[in-house]
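Some notes on the structure that comes next.
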């Protein structure tokens, strides 16, 4: 089940990871501006965030497998729609709305939520780390695959092939079927109404600090993932360097996500998260200030990749630690909404600022400032279990 979850996540996030490679061929072929393409992906990120709490509620109520299956169907339809979109509105609907909903059912929240319930607490950090690493490996393999398919079959053919792959992956939802609430964390804690769980979380200041910090994460990753290829080519580097950068990010993410998952089982997650945001900020500052070359791009990609998605198992684990796992998918969905607001702003503002100034400099500076702010916000989070959770575990 850990492997199946990782593969689904790798396919879903892998296709999303290579969307930046489609920016130039799509806009040049259709005669659209970069802002048009960026707006569609910005809406995708925002739709993902808005939908995530609701798909989380469905997964917590009816099981994750059904949500994953539905997400894969939406993903395949969205990619096919992107390939045939002849107008910005059609592209917005398929790339923005349809795939945004699809990601809410196939990515972090639902996969990690299922594993958090299916795996015993003592192995939870390992399971999330392994699933994240497998997902990262999927993203890594998707980069050269996308470049090869775009070159050989065109961007339309590449999107249709990706749609077929996601359709074929539907049986992978079955191993994540939750036949019973057999996870130790679920069995030990008396059941609680969903509304009460949401109100309990919303009453905790740390829940909102985590949400705001995750906004910075979304801004940084969405901006870099979408606009880095175009940024590098604007600076005179080759398309091959942009592809290599995305591949290095994905490969380093394999190791980084696994390491973060393991570290989260032994160290305080809020401090690990603060450290990740500071490391990202330092990497961006050096990349922005130093002369640009293929070597500097590869080093930057390796460092950013190592801390790329390591925030996700740590954030998920922190929520599970404080609130329990009964409604982890729903609660993580609300926190992930903040992440996707940041993603929307990172992608959209990247396009807007570039069209206005023909430069990404202001966005790089903003991403660095948000990284420092996120590190500061994580420091005061109260990461102790709620009294209700402590009492139930002690009694059980």
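Worth pointing out:
- Pairs meeting the criteria (first residue in the range 327-338 and closer than 13 Å to residue 197 by Cα, second residue assigned to a loop (DSSP other than H, G, I, E, B), beta carbons under 9 Å, at least 6 apart or on different chains) are 327/192.
- Selection over the range 31-50 of residues that are touching a residue at least 24 places away in the same chain (Cβ under 8 Å) and surrounded by fewer than 24 Cβ atoms within 10 Å (Cβ to Cβ) gives a count of 10.
- Out of 386, 362, sole residue that is surrounded by fewer than 24 Cβ atoms within 10 Å (Cβ to Cβ), more than 21 Å from the chain's Cα centre (by Cα) and free of Cβ contacts under 8 Å to residues at least 60 places away in the same chain: 362
- Test result for residue 70, surrounded by 18 or more Cβ atoms within 10 Å (Cβ to Cβ) and either under 24 Å from residue 226 (Cβ atoms) or at pLDDT below 90 (or both): no
- Residue match in the range 161-168 (condition: free of Cβ contacts under 8 Å to residues at least 60 places away in the same chain and surrounded by fewer than 21 Cβ atoms within 10 Å (Cβ to Cβ)): yes
The values are calculated or read from the model by the stated rules, or taken from the named source; none is laboratory data. As the structure is a computational prediction, the values presented were derived from the model and not from experiment. Note that each Cβ is placed from the backbone with ideal geometry, even for glycine, and that neighbours are counted across all protein chains shown.
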